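Notes follow once the structure below has been shown.
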Amino acid sequence: MPQSTISKTPKIQNRKKIIKLKLDFSWKNILLYGFLILFTIFIFTSFNQNISQPSSKEVGISYIINAVKASKVQKIEVSDTDITAYEKNQTLQATKESGSSIYTIFRDAGVSLDKTDVVVKDTTTFSNWLNILSSVLPVALMILFFYFLFRQARGAQESIFSIGKSKASLFNKDMPKVTFADVAGVDEAKQELTEIVDFLKHPDKYRSMGARTPKGVLMVGPSGTGKTLLARATAGEAGVPFFSMAGSEFMEMLVGVGASRVRDLFNNAKKSQPAIIFIDEIDAIGRQRGMGLMGGHDEREQTLNQILVEMDGFTPNEQLIVMAATNRPDVLDPALVRPGRFDRKVVLDLPDIDGRKAILSIHAKGKPFDSSVSWDKVAQRTAGFSGADLENMLNESAILAARLNKKVIDMKDIEEAATKVQLGPEKKRLQKDEDKKITAYHEGGHALLMWYMPNIDAVHRVSIVSRGMSLGHTMMEPVEHAHETKTHLLEQISAMLGGRAAEQLIFNEMTTGASNDIEKATQLARTMVVEYGMSSLGPINLNEDRNQYFEAKNISSAMQAKVDTEVKKIVDACYGEALSVLKKNKVKLDLLANELTKKETLDGDEFLALIGPKEKRKSPFETSKN
């Protein structure tokens, strides 16, 4: 009985739905509706006039006269030139001359219509309207056609002249407000912008001290750290209009459009002041001038010049603040970032562990989590994640739990979502036993080097399940370091080369699986030499100055050869140390590879239970002469 009630409920609800028809009664639609109604009436009437009864018979007018004379016809209907006579078993159809009367025809034939019911239908009114409509309608349609044609042409002309109008999105105080409470993990940046909010709310307090409102705030930071959200939160806290526009929206094919849009944007903002203008990805138009291939006065430079003029043309009483965001501050024009234009630079870094906990608490709202979820462990696990990564991770964990028909999200879902954000979705590829064994030894080599090296973080997970472009992965529990030491960097390179060393030790063979490890190890070694000065070449920056249009060599060919030699020396030393460590711990390597082949994935606790706790030992690189 309950099942029957549940199945009928949707049907009952469907019957109660009310369909609302919303019509737009503009003059154009009224004209269109009227034309459709008249056209329908015309078609329907013509159809009714031409339709024939199933038993009708086409005859001459004399046949109907004889039938009336023989008293076989009960009724006659006359419609213009059509005559319909109804006998007992059939209907007779005939035509007469236009303008002649049915009574005159029968009187001339000597037949009386006294005993016959005669109905004459008057169609002159409809015919007159039909004639008028057929005469006027083509002319009216032609007039309407040319009217709409000229209107479209005028609209296109207006759109050409309005192309220089600003396309900025306006967020005013009537829209859903975003405040500093919706932003976490960037406490220092919020503190800087709190003063901007106070400037906008209480300008007289600062003017009395002779202070002027900052003209611009440049927010710099990696992607996903919340630059746009923080700018909107600043406007929300101050309760002022927020004009948002991307740098690429200023640029068009037509010359001068970008500068025109800049002028229009600032004019609109000045009318609404106090207000905030936000330009996202300002590096799209704010790149250093004089670097173009087509000369120094292209469209982008005109747009930049107009921004410089607008920002430098403010009077001290204007409460208009320009905020901009970029993750490429190195390419911006010096005139744009100087004091007086962008007075403040707010740097947004990737959140630390406390910042990640705060971000997680914001994005966890509205999601059911199991009581066993430890947000401290999640925050520690997600070192290097931006705010956008953390939001995406929690969303992926919710999707995964829903797909598995769970009621709450547990730690296993969060761990899988975090791994998916970092490495991509899991791929259940069918591998040959030989390939599986090679992958197990490769990942085991990475894990053993991480376990052996004293300065490397603990192993978090080892897996031979394919994700993204990799056939397996070894992850560690990241610990944030304020400084990187040479010893720690050398240990990292050795751990990167542990997979290749394991392949050579066990199979006496090399595979393509170590290509990404070799690339990262070489890049880190080169950075140590050319940027960090961690080689026998001394503390000197040997990095080449490269930009979009040309390459400038800062070092000679001889010095470049020495750099290559130092890089090779570091990589060779780290690879030799990786081989040495694996040879000493070959039994542990075999044990780990066999376990990975069986289980495919080992977490940190399972790894330590199998290999043993991490021992305190001296790093093999502490006495290195490299």
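Things worth noting here:
- Taken as a whole, the structure places residue 521 among residues that are in contact with a Cys (Cβ under 9 Å, 6 or more places away or on another chain) and either modelled with pLDDT of 90 or more or assigned to a loop (DSSP other than H, G, I, E, B) (or both).
- Restricting attention to segment 354-372 and to residues that are surrounded by 15 or more Cβ atoms within 10 Å (Cβ to Cβ) and over 28 Å from residue 199 (Cβ atoms), the residue that is farthest from the chain's Cα centre (by Cα) turns out to be 370.
- All helices (runs of 4 or more DSSP H) inside segment 316-392 with 3 or more residues being hydrophobic (A, V, I, L, M, F, W, C) and under 25 Å from residue 242 (Cβ atoms): 353-363
- Odd one out for residue 603, checked against (1) more than 20 Å from residue 473 (Cβ to Cβ); (2) at pLDDT below 90; (3) of a type outside the set (S, T, N, Q): (1)
- Scanning segment 373-406 for residues that are surrounded by fewer than 14 Cβ atoms within 10 Å (Cβ to Cβ) and polar (S, T, N, Q) gives 374, 405.
- Scanning segment 374-388 turns up at least one residue that is within 30 Å of residue 221 (Cβ to Cβ) and free of Cβ contacts under 8 Å to residues at least 24 places away in the same chain.
- Selected residue (criterion: surrounded by the most Cβ atoms within 10 Å (Cβ to Cβ)) from residues of segment 461-475 that are at pLDDT below 85 and aliphatic (A, V, I, L, M): 471
- Checked against the criterion of being loosely packed, with under 14 Cβ neighbours inside 10 Å and at pLDDT 90 or above, segment 542-560 contains not a single residue that satisfies it.
- When residue 395 is tested against (1) within 30 Å of residue 368 (Cα to Cα); (2) in a loop (DSSP other than H, G, I, E, B), just one condition goes unmet, and that condition is (2).
- Residue count for segment 328-361 under the criterion of being touching a Leu at 6+ places or on another chain (Cβ under 9 Å) and β-branched (Val, Ile, Thr): the result is 3.
- The listed residues are 227, 215, 190, and the only one of them that is closer than 23 Å to residue 391 by Cα, in contact with a Phe, Trp or Tyr (Cβ under 9 Å, 6 or more places away or on another chain) and charged (D, E, K, R) turns out to be 190.
- Per-region count, segment 267-284, residues at pLDDT 85 or above and assigned to a helix (DSSP H, G or I): 1
- Failed condition for residue 541, given (1) touching a residue at least 24 places away in the same chain (Cβ under 8 Å); (2) over 27 Å from residue 421 (Cβ atoms); (3) not in a helix (DSSP H, G or I): (1)
- Qualifying residue in segment 97-111 (condition: exposed (fewer than 14 other Cβ atoms within 10 Å of the Cβ) and modelled with pLDDT under 70): yes
- Test for residue 109: is it among the small types (Gly, Ala, Ser), in contact (Cβ under 8 Å) with a residue 12 or more places away in the chain and under 16 Å from residue 59 (Cα atoms): no
- Residue 467 passes every criterion in (1) in contact with a His (Cβ under 7 Å, 6 or more places away or on another chain); (2) charged (D, E, K, R); (3) under 25 Å from residue 612 (Cβ atoms) apart from (3).
- Restricting attention to segment 407-446 and to residues that are in contact with a helix residue (DSSP H, G or I) (Cβ under 6 Å, 6 or more places away or on another chain), among the hydrophobic types (A, V, I, L, M, F, W, C) and part of a helix (DSSP H, G or I), the residue that is surrounded by the fewest Cβ atoms within 10 Å (Cβ to Cβ) turns out to be 421.
- A count restricted to segment 307-344 and to residues that are modelled with pLDDT of 80 or more, under 20 Å from residue 238 (Cα atoms) and of a type outside the set (Phe, Trp, Tyr) stands at 8.
The values are calculated or read from the model by the stated rules, or taken from the named source; none is laboratory data. In this text the structure is predicted, and so the values were computed from the model without any measurement. Virtual Cβ from ideal backbone geometry, glycine too; neighbours counted across all protein chains shown.
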